[in-house]
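This report concerns only the one structure given below.
Read the figures in this text as sums done on the coordinates, not as results from a lab. Remember, it's a predicted structure, so these values are computed and weren't measured experimentally. Glycine gets a Cβ as well: all are built from the backbone with ideal geometry, and neighbour counts include every protein chain shown.
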Amino acid sequence: MRTTKDFPRKQSSWEPATVLMVLAASLVLGFVFASTVGAAGKYRTLHRFRSGEAGSRPFSTLLFDSMGNLYGTGTGGNRKFCWGQGCGVVFELIPDGNGGWRKQVIYSFNGEDGFGPNPGLVFDSVGDLYGTTVFGGAFGGGAVFELTPQGDGSWKEKVLHSFLNRDGYLPDAGVILDSSGNLYGTTGAGGDLSYCTGYGCGVVFELTPKAGGGWTESVLHEFTGASDGDDPQASLIFDQSGNLYSTTSEGGAYGNGTVFELTRRSGGGWREIVLHSFNASDGSYPDTGLILDSTGNLYGATAYGGAYDAGTAFEITRDEAGRWKEKLLHIFNGIPNGPLVFDVGGSLYGTTYAGGGDGCGTVFRLQPNASGGWEETVLHSFTGHPGCHPFSGLTIARSGNLYGTTFGDGKTTFGSVFEISP
């Protein structure tokens, strides 16, 4: 199996060097930026990971099944694989009926079947799980996998596709499903290798199941690193018409990333349209993904840019003439992570990796006000014990409670799963 050294490029968000740099930067941010004042939510730790525990250091946005169990991914795993680091796992948290939760590992990767599972898991209609790994697979450039539950309670993994350069490389986000069972996703590199210093600027891909078994991959768009964007690191979303939307973390008119749309051409294929290019003052490095409201407006966050160069929240709306316009909703001082999520009342929730009283990050709410603006409330400020540095978005339950994970500081905390009642 090839290693990441065979494919040098911009570092993925999963790579240890990048994680350590962000951890160091967050310690500085904790002193530089003041915490936003707000009413705290009721916080509860559902599981605290130990050093080296399978599932520790989770990046994962969590996923509920129909029974109320939670699923996520973590970087820690069986240390006999992946140079003694462990290749990562998919884990499940099961309510024990007494207010507690029991963790079990449903699959542990070994490198050849994937290395570094990404945050985005998705269920199909029969209960199979799908996701991606940023590394590993047959060629070391990442993989798309399926996990199928077995009668004895175990899960069987199957690699649906392994990436190698022209068809994509380093999928930094999970996949989504359409109504026909096709999978769609992005890779941060690969595609046309004449761009982005010979490593490709990333692709949007589709995986289609074959009638006799197996899957066929199709590249829907190859990025060029210029006006159309570079390094897509977020998942895709569909609108009601079947158009695809997401972001590129770099590229665009000003090099600070884009929001893009892919629409089907009448004669076949897909057409990419850049809806917005970030200019640093309104945001930079939008790697968290997008969500849609009921009227078709797009919402998202950037990791950097804005007045403090620590991220923004934005809305993109389309006017009657079909033109898209961006509006800043909030300027952060703590690096937002993961996609935003709506509650039934129209408020937005998310996490920041840094900021807060101890620089360990926050859980926040953005509420629309009567004057047309948005007000931020910090529901929880992490202190490091037991949670520090939420690296992904939130999942909202029917009850309105919020669920998420923290990555930990790698010294005293190694990740946690938490619940907040706003």
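Would you tally the net charge around Lys156, using a Cβ to Cβ cut-off of less than 10 Å, leaving Lys156 out, and scoring K and R as +1, D and E as -1? Don't skip to the answer; put the middle values down first.
On the way: positive: Lys158; negative: Asp128, Glu146, Glu157.
Neighbour charge sum, excluding Lys156 itself: -2.
Peptides 348-361, 53-66, 295-308 ranked from most to least packed, by the mean per-residue count of other Cβ atoms within 10 Å: 348-361, 53-66, 295-308.
For the range 36-125, what is the per residue volume of the convex hull drawn over the alpha-carbon atoms, in cubic angstrom?
Working: hull volume 12.7 nm³, N = 90.
Value for the range 36-125: 141 Å³ per residue.
Take every pair of alpha-carbon atoms less than 8 Å apart whose residues are at least six positions apart; their mean separation over the length of the chain yields a relative contact order of 14 percent. For a modelled paramagnetic label at Thr295, 7 Å from Cα along Cα-to-Cβ, the residues of the range 330-353 in reach, with backbone nitrogen under 15 Å, are 346-347. One quarter of the convex hull surface built on the alpha carbon atoms of the range 375-414 amounts to 3.5 nm², the projected area averaged over directions. Which values of log₁₀ I(q)/I(0), to two decimal places, follow from the Debye formula for the range 262-365 at q = 0.13, 0.23 Å⁻¹ with a uniform point scatterer at every Cα? Each listed q corresponds, in turn, to -0.51, -1.23.
Of Gln85, Gln150, Gln367, the residue with the greatest mean-square motion in the GNM of the chain, using alpha carbon springs below 10 Å, is Gln150.
For the range 86-91, putting each phi into the Karplus relation 6.51 cos²θ - 1.76 cosθ + 1.60 with θ = phi - 60° gives couplings of x, 9, x, 9, 9, 10 Hz, in residue order, rounded to whole numbers and with x for Gly and Pro. Taken over the chain, lysine pairs spaced eight or more positions apart, or on distinct chains, with alpha carbons under 24 Å apart number 11.
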